[in-house]
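J.: Okay, here's the structure, questions in a sec.
The values are calculated or read from the model by the stated rules, or taken from the named source; none is laboratory data. Note that the structure is a prediction, hence the values are computed from the model and not measured. Every residue, glycine among them, receives a Cβ derived from its backbone with ideal geometry; neighbour counts consider all protein chains shown.
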Amino acid sequence: MAKKLKWAEEGILNQAIHILPEKKIAPELKAIIRKATAVSSEDRYPNVAALAEDVRCFLRGDEVSQLPDNFPRKMWRLMNKYRYATLILILSVLLLSSAITIGSLYQQQANLKAAQIREKKLTHLLSDISTHTHYIDSHFMRLEGLLTNLANQVMYLIQDAPPNNERFYWGADFENPEKAPPDLEHSSLYNRTVSIDYPVAKLAPGVRSQDMLPVLQKLAPLRHNFRKMLLDSRNTFTPASKEEVRRLLTIHGLPICWAYIGLERGLMYSYPGKSYKEDFDPRKRPWYKLGARKTAVYWEKPYIDKSGMGRVLACVTSLYNKDGQFYGVVGADVTLDNIIRENLTRPKAIGVVESFLLDNKGGIIVGSSQLGVKVEVSPDSKLELKPFPIKEVVQEVVRNASGLVESHHSGRSRLIIFQKIRSLGWYYVEEIDTATILESGE
C-alpha cells in the first residue's frame, strides 16, 4: 500500500493495458492518456475542450495533437480513412502498369515484326540486285565473246583462208561519189554518211598501199563478220528483215556501234565504213595502246567518240599469229547510252534513285542519269572518272568487297547496294530510297 501511495505522490501510473489481452492500445490513445494524467498541470491539456478535441480526433481516426503523424503514418491514415478511394487508386495504378507493360510488349512485337519485314525486303532486294549484276556480267561477257570471235576470224582470214574476190574500199573512196560504196548514205544515228555493207580501209601516214594490198584483200570478207557482230550484240536473237537490219544499223543503233582492226603494220579496217582524216594512225589511238601485246580482253575508260557517237567504251584484245608474234589489235565500241538502257535499268525496280557502274577504284564509269546527255568533244577525248560521292562505298570497292551502306541525302535515308561484276572487276551500284522500298507492297 505504501508503494502505491508513493507512486501516487510521484505521479507514476501503471502501464495502460487493454481490457482484452489480445488487443493493444493505440499509440495515439496512450499519448492522450499520458498528456491528460501528467503530474504537472503545465504538462496536461490546458482545458477539457483540448482533451475532448484530441479524443474526437482519435475516434475519427484523425491525427492527434500529442502524436503528430510522420509521412508514412500520415499516408497509412489516409489509406485507412479513404479505403475505397485507395483501392481505386491501387487498381488504377495496376491497370496503368499493365497497360504500359502490354503496350511495351506490343511495341516490341511490332518492332520485331517490322525488323523481320525489313530484313525480308532487304534480302529480296539484295537477291534481285545480285541477279541483275549476273545479267550485266553475262552481257559484257557476251560482248567480249563476240570480240574474241572476231579476232579469231581475222587471223583465220590472214593465215588460212582461201583467196577471195571481195570488194574493199579505201578511206579516200568515201569522199569520191564515183568510187564510194553503193550503199553510202547519211545516217541519223552516226550523224554522217556511212556504209553498212562495206568497212573502210585506212593506212597510217607513211605506209604504202601496195604493201598492204595482199593483207587487205584477205580481210575483205570480214565485212560480213562485222555486220553479224553488231547484230549479234543485241539481247534478242529474233531474225530481222533487210529493211529492219538497215534501220537497226543506221537509225536505232545496237550495243556495239563500231568494230575495227588496227594492224601493227599500219592498216586500219573499220565498220561501218566512213572517211578518216589523212593523219589518222590507229597505232597512236588509246584503244590500240591498251590492247597491244595483251593476252586478255580489256575495257578502256569511257571516252568521247569524235565520230559523233557520244560517250563510248572500247573493248579491245590483241591479235597474234600462229608463231605467237603480235599482229595488231581488234576492238569494238559500245555506247554508254546503250549500256544505261541495257544494264542500268533493273526490271520492276522500286525506289531506285540512280544506278551506276564503278571501276575497281570507285570511279563512276556511267550513271543512269546520264542517259541522253550530250557531251562536247574536247581535244582530249578521254573522260575523267569522278569518284563515287559516298566514301564508305569507295573504301569497300577498293577492298574488293560487295555489300550495303545506308546514308542520308536531303533528309532522306538511302540504301547504297554495290555488287561486283566478276568478269570486269567493276561494280554495279544502286542508290535506293529506303522509305519507298520498305513501304512497298512487295
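J.: Among residues belonging to region 123-173 that are at pLDDT 95 or above and among the aromatic types (Phe, Trp, Tyr), point out the one that is surrounded by the fewest Cβ atoms within 10 Å (Cβ to Cβ).
T.: 156
J.: Quick check on my filter: what residues within region 360-410 are modelled with pLDDT under 90 and assigned to a strand (DSSP E or B)?
T.: Across region 360-410, the qualifying residues are 382, 408, 409.
J.: Exactly one condition in (1) on the phi < 0 side of the Ramachandran plot; (2) touching a helix residue (DSSP H, G or I) at 6+ places or on another chain (Cβ under 6 Å) is false for residue 289; which is it?
T.: For residue 289, the exception is condition (2).
J.: Residues that are closer than 25 Å to residue 90 by Cβ and free of Cβ contacts under 8 Å to residues at least 24 places away in the same chain: does region 43-60 have at least one?
T.: Yes, there is a match, as at least one residue in region 43-60 is closer than 25 Å to residue 90 by Cβ and free of Cβ contacts under 8 Å to residues at least 24 places away in the same chain.
J.: OK, next. Considering region 26-64 alone, what residues qualify as being within 20 Å of residue 16 (Cα to Cα) and either among the charged types (D, E, K, R) or outside the structural domain of residue 15 (by the TED database) (or both)?
T.: 28, 30, 34, 35, 43, 44, 54, 56
J.: Residue by residue through region 238-255, note down the ones that are assigned to a loop (DSSP other than H, G, I, E, B) and either under 32 Å from the mean Cα position of the chain (by Cα) or acidic (Asp, Glu) (or both).
T.: 253, 254, 255
J.: Just a yes or no: is a residue in region 158-177 in a helix (DSSP H, G or I) and touching a helix residue (DSSP H, G or I) at 6+ places or on another chain (Cβ under 9 Å)?
T.: So far as region 158-177 goes, yes, one or more of its residues are in a helix (DSSP H, G or I) and touching a helix residue (DSSP H, G or I) at 6+ places or on another chain (Cβ under 9 Å).
J.: Name the residue, out of 322, 348, 289, that is in the same structural domain as residue 176 (by the TED database), surrounded by fewer than 21 Cβ atoms within 10 Å (Cβ to Cβ), part of a loop (DSSP other than H, G, I, E, B) and over 30 Å from the mean Cα position of the chain (by Cα).
T.: 322
J.: Would you check which residues across region 62-77 are in a helix (DSSP H, G or I), surrounded by 14 or more Cβ atoms within 10 Å (Cβ to Cβ) and among the aliphatic types (A, V, I, L, M) and list them?
T.: none
J.: Sort through 313, 357 and tell me the only one that's over 21 Å from residue 431 (Cβ atoms) and part of a strand (DSSP E or B).
T.: Testing whether each residue is over 21 Å from residue 431 (Cβ atoms) and part of a strand (DSSP E or B) leaves just 313.
J.: Identify all residues within region 395-420 that are more than 18 Å from residue 118 (Cα to Cα), touching a Leu at 6+ places or on another chain (Cβ under 8 Å) and either β-branched (Val, Ile, Thr) or not assigned by the TED database to the domain that holds residue 128 (or both); write none if there are none.
T.: The answer is 397, and nothing else.
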